[in-house]
Amino acid sequence: MPEPQEEADAVAERVAAEALIVDVDGFEGPLDLLLMLSRTQKVDLRQISVLALARQYLAFVERARTLRIELAADYLVMAAWLAFLKSRLLLPPDPDEEGPSGEEMAAHLAFQLERLEAMREAAAKLMARDRLGREIFARGLPETVERVRSIRYTATLVDLMQAYARVRTRDEFRPFVLDRHAVMSMEEALDRMRGLIGYSGDWTDLAGYMPDGWSEDAERRRSAMASHFAASLELVKEGRIDIRQGALFSPIEIRARRDE
Amino acid sequence: MSDDASRPLFDPPPLDAQERMVEAILFATAEPISVADMNARMPHGCDAATALALLRRRYEGRGVRLVKVGEAWAMRTAPDLAFLMRREIAESRKLGRAAIETLAIIAYHQPATRAEIEEIRGVSVSRGTLDQLLELEWIRFGRRRETPGRPVTFMVTEAFLDHFGLETARDLPGLKDLREAGLLESTLPEPSDGATETDTQVDMFDAEGNDDAG
Amino acid sequence: MSDDASRPLFDPPPLDAQERMVEAILFATAEPISVADMNARMPHGCDAATALALLRRRYEGRGVRLVKVGEAWAMRTAPDLAFLMRREIAESRKLGRAAIETLAIIAYHQPATRAEIEEIRGVSVSRGTLDQLLELEWIRFGRRRETPGRPVTFMVTEAFLDHFGLETARDLPGLKDLREAGLLESTLPEPSDGATETDTQVDMFDAEGNDDAG
């Protein structure tokens, strides 16, 4: 870059910086400010001197500080980052340093600026298009489209009967859950017998264990007997009782086991 | 619009261009617009009336046409296409399970209270289900039951009988008939000779399709 | 509609009648309408797409024209007649710079997450900005990104396309140049000078040669 140009830039830079300070609020963040500063370089963003830009930015922040203008934190964060970048760019690369080189960081910043600029231009182009309601118009007097929703529910007699059959069939399944008046489960019998068994040291007829109200009706008696018999076998298996039957069809007798 | 309207600085646009203008104006305005208003909007020297006449002819027999509303003009769809402006969304839907079961229970047990329906279905009956059936006019309210709380009862309607091709609700087949007709299975009705299944009761209990019988 | 759709009970109306119908449907509404919607409203057997092609030709060069918006179609005034319409402009809320930039970033980078928008603008995006764009129905939520935190993405809508006179998001001004310059990438492309396509955006804006609608 030729010397006089640089001097002119420096002047422009100062003027710009002063103007900028007046309305720092007008900027949409540090990147926006950087983009504005970069314009003072009057070059394509691809050729921009990031080092010079960093100097401009830091000068701006310094100036803001002397004028006691409060800068938002993100402006200060950017300043710190740019100071770091500046040192990276100025010092010879340290081979032990991890991370991106100063040049890479600078290139990325230039890319960010270019991308932001590109999006701004795209936004401007977009807003400058012939737009609906401004240059192009939709029908001003639309006619309402009436929506008539008619839902026809269909069901046939077969559907109806199947539904009824389904409900009634469910009903016939219900004995398993509800119609317990004629059925005693083994669990019930087992619960009863566990409670009673401790009192009987001698052989007792199993029929004597039938609960009240379960021996009159044949159906109930059968169920109670069956469940108590099954429960007895369970208790034998557990080793809690002995069971015996003298002869075919003779009474089944049980007693609590002694040897425990 | 320039303020010296008296001096014709430019020639008016050709008539076909004027016709386009009238077309765009009529299309986009939110209200019918008079010839005078059109002229006021169009460039100096235009003759909206003539352009309008041309445009009107152009739209003759089209899907939209130019109509005069008082002293103003508007575009309107052709009356014979009014049917397009009505969107009839006719859906035929199968009545949902809850609804059909509820309906069946009412039909078989009418007059039935809600509590009775719930007792039979074994689940509660939502207000929506009953509303739907009432709306379909397949059920109606019957007399209140003379029990505590005086609950309303539901009955099936004439429309119901009509729809299902029944003379009276008593014509509904009984449970036994249903079983004999094979309607108690979720699968197909059994073959008429009854060779494979000896007892309908059996397949009712061993649920759907266990083919291990063979 | 009819329950035996397989059997054509009636022949569909002749094509010129179908064209009238499409014309009426499009004139009756301010919103774009899809071909499927048109077909649904027209009598059975109609082919709205064919009728639409005829109609489009008919309106070429007229004061109103047929435009495609996404997958839908609409009648719109010709842009060169904007000067006639000054009175129709309903003064809309002016969008702030943040909103305009955010909109552009979403349009050109879609689907874009909030973090990506912030990355490009270098400043956080206020909730209000996105709300404003959502309210205008110019942006909508896209699919969540399958990255940690599963951030939501934003996309532009059909109303956006309609407003800016775009047929698809691929027709955004300068899109091709921006992509070739690597400016739609998240990082600086490798300085290989070839400016070869990189694949990140390809899914959105793939079909390069979409025939420009006049």
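In whole angstrom, note down how far apart the Cα centers of the stretch C:120-194 and the stretch B:42-121 are.
Each part reduced to its Cα centre gives a spacing of 38 Å.
Please give the average number of partner chain Cβ atoms lying within 10 Å of the Cβ of each residue in C:64-75, rounded to a whole number.
2
Give me the distance in nm between label points sitting 7 Å out from Cα along the Cα-to-Cβ direction at C:Ala40 and B:Glu31, one decimal.
The modelled label-to-label distance comes out at 3.5 nm.
Report, ordered by chain and residue number, the lysines lying within cross-link reach of A:Lys86, taken as a straight Cα distance under 25 Å and ignoring same-chain residues fewer than 8 apart.
Answer for A:Lys86, where 25 Å is the Cα cut-off: A:Lys42, listed by chain and number.
What is the calculated FRET efficiency for A:Thr66 to C:Glu167, with r their C-beta to C-beta distance and R₀ = 51 Å, to the nearest 0.05?
Efficiency at R0 = 51 Å is approximately 0.40.
At a Förster radius of 56 Å, what calculated FRET efficiency corresponds to the Cβ-Cβ distance of B:Leu15 and A:Arg46, to the nearest 0.05? Don't skip to the end; give the middle numbers.
Numbers: r = 54 Å, r/R0 = 0.96.
My answer for the efficiency is 0.55.
Hey, got a sec? Which chymotrypsin sites (Phe, Trp or Tyr not before Pro) in the stretch B:7-75 land in a DSSP loop and have at most 11 other Cβ atoms within 10 Å?
The qualifying sites are B:Phe10.
List the GluC sites (Glu not before Pro) within the stretch A:25-95 that fall in a DSSP loop (any state other than H, G, I, E or B) and whose Cβ has at most 14 other Cβ atoms within 10 Å.
Those that pass, being in a loop and sparsely packed, are A:Glu70.
Based on the Cβ-Cβ distance from B:Arg93 to B:Met155, what FRET efficiency comes out when R0 is 35 Å, to the nearest 0.05?
Values: r = 24 Å, r/R0 = 0.68.
Given R0 = 35 Å and the Cβ-Cβ separation, E is 0.90.
From the backbone phi of the stretch A:74-83, what are the Karplus-calculated ³J(HN,Hα) couplings (6.51 cos²θ - 1.76 cosθ + 1.60, θ = phi - 60°) in whole Hz, Gly and Pro given as x?
5, 5, 6, 4, 4, 4, 4, 5, 5, 5
Could you run the Karplus curve 6.51 cos²θ - 1.76 cosθ + 1.60 with θ = phi - 60° over the stretch B:151-168 and give me ³J(HN,Hα) per residue in whole Hz, x for Gly and Pro?
x, 6, 10, 10, 10, 7, 9, 4, 4, 4, 4, 4, 4, 9, x, 10, 7, 9
What's the ranking of B:61-69, A:135-143 by average number of surrounding C-beta atoms within 10 Å, highest first? Don't skip to the answer; put the middle values down first.
Values: B:61-69: 16.8, A:135-143: 20.2.
Peptide ranking by packing, descending: A:135-143, B:61-69.
Just order B:167-174, A:250-257, B:148-155 by mean Cβ neighbour count inside 10 Å, highest at the front, would you?
Ranked by mean Cβ neighbours within 10 Å, highest first: A:250-257, B:148-155, B:167-174.
How many nm separate the modelled label positions at A:Glu216 and A:Ala247, each set 7 Å beyond the Cα in the direction of the Cβ?
Here the modelled spin labels are 3.4 nm apart.
At 7 Å along Cα-to-Cβ for each site, give me the label-to-label distance between C:Asp47 and A:Val145 in nm.
Result: 2.2 nm between the two label points.
Within 10 Å of each Cβ in peptide A:144-152, how many partner chain Cβ atoms are there on average? Round it to a whole number, please. Display every interim value, and only then the final one.
Values: counts 4, 10, 5, 4, 5, 5, 5, 8, 5.
Mean shielding count: 6.
Averaged over C:171-177, how many beta carbons belonging to a partner chain fall within 10 Å of each residue's beta carbon?
Working: counts 0, 4, 7, 5, 1, 0, 2.
Across the residues of C:171-177, the mean count of other-chain Cβ atoms within 10 Å is 3.
Read-outs throughout are calculated quantities, based only on the coordinates presented, and are distinct from any laboratory measurement. Remember, predicted model here, so these are calculated numbers, not experimental data. We place every Cβ from the backbone using ideal geometry, glycine too, and count neighbours over all the protein chains shown.
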